[in-house]
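Notes follow once the structure below has been shown.
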Amino acid sequence: DLRKFSSKDGFDVVLSLYDVIGSLPDERDNSRMMKNISKLCKRGGHLVMSVMNMELTEHIAKEENIGDVSKDPSMLFRLKSSDVMHKSGDVFDPEHFLIDTSSGLVYRKERFEGDEGLSAEYVIRDRRYRMAEIVRMVESNGFVVKDSRYVRAGRWDEPLESTHPKAKEILIVAVKL
């Protein structure tokens, strides 16, 4: 649990890749993880992190899948379930997510098949970030951002536009002050 993980020595490099920050729906938990990353990283050490790209999510979202879930909870019932997380990990299919305008969370309904043929369906919530939000979070925790870019998974050398269909991640490289 990155909110509580500790080390007496600290680290020269901290890697936090693809949806560690953002994996918990409560922003206070994500902030605690970021604060702990700052504690764990030695002065002059490097942070390499990526988060899911909210700008792309908003760009590709279907209009009927954007709304205030607290005012219209039936949106969750209308959300189509998929097994995409289990099969491919591609959680950017606009047919299978909704954006809650009141919380800023992204909801998905994921279906998992068990080894014994038993299936389960879960409503998954995650937090995705805009570039300015994640840069602000990193900098407010004692880092200087050296590079930030929109990228696709595994191709961090190729910067993309924020709404490019493959720009599913935001990559941050920073140095601890």
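Please verify whether segment 75-86 includes one or more residues that are among the β-branched types (Val, Ile, Thr) and over 22 Å from residue 165 (Cα atoms).
We begin by selecting, within segment 75-86, every residue among the β-branched types (Val, Ile, Thr); these are 84.
Checking the rest, the ones that are also over 22 Å from residue 165 (Cα atoms) come to none.
Within segment 75-86, not a single residue is among the β-branched types (Val, Ile, Thr) and over 22 Å from residue 165 (Cα atoms).
So residue 148 ticks every box in (1) within 14 Å of the chain's Cα centre (by Cα); (2) within 25 Å of residue 47 (Cα to Cα) but one. Which box is left unticked?
Residue 148 satisfies all of (1) within 14 Å of the chain's Cα centre (by Cα); (2) within 25 Å of residue 47 (Cα to Cα) except (1).
Please specify each residue of segment 81-101 satisfying the condition of being more than 20 Å from residue 21 (Cα to Cα), surrounded by fewer than 16 Cβ atoms within 10 Å (Cβ to Cβ) and of a type in the set (Gly, Ala, Ser).
Once the filter is applied, which keeps residues that are more than 20 Å from residue 21 (Cα to Cα), surrounded by fewer than 16 Cβ atoms within 10 Å (Cβ to Cβ) and of a type in the set (Gly, Ala, Ser), segment 81-101 yields 81, 88.
Select from segment 23-45 the residues that are outside any helix (DSSP H, G or I) and among the small types (Gly, Ala, Ser) and write down the one among them that is surrounded by the fewest Cβ atoms within 10 Å (Cβ to Cβ). Let's see the steps before the verdict.
Looking only at segment 23-45, we keep the residues that are outside any helix (DSSP H, G or I), and these are 23-26, 41-45.
Pick out the ones that are also among the small types (Gly, Ala, Ser) and you get 23, 44-45.
Working: 23: 17, 44: 9, 45: 17.
Filtering first and then ranking leaves 44.
With respect to residue 4, is the statement that it is modelled with pLDDT under 95 and assigned to a strand (DSSP E or B) true? Give the steps one after another, and end with the answer.
On the way: modelled with pLDDT under 95: yes; assigned to a strand (DSSP E or B): no.
Answer is no for this residue.
Exactly one condition in (1) open to solvent by less than 70 Å² (accessible area, probe 1.4 Å); (2) farther than 23 Å from residue 123 by Cβ; (3) in contact with a helix residue (DSSP H, G or I) (Cβ under 7 Å, 6 or more places away or on another chain) is not met by residue 11; state its number.
The single condition residue 11 does not satisfy is (1).
Residue 48: open to solvent by 20 Å² or more (accessible area, probe 1.4 Å) and outside any loop (DSSP other than H, G, I, E, B), yes or no?
Numbers: open to solvent by 20 Å² or more (accessible area, probe 1.4 Å): yes; outside any loop (DSSP other than H, G, I, E, B): yes.
It is true that residue 48 is open to solvent by 20 Å² or more (accessible area, probe 1.4 Å) and outside any loop (DSSP other than H, G, I, E, B).
The values are calculated or read from the model by the stated rules, or taken from the named source; none is laboratory data. All values derive from a computational prediction rather than experimental measurement. Cβ: placed from backbone, ideal geometry, glycine included. Neighbour counts: every protein chain shown. With ligands, DNA and RNA removed, areas are computed over all heavy atoms of the protein, side chains included. Shrake-Rupley method; radii C 1.70, N 1.55, O 1.52, S 1.80 Å.
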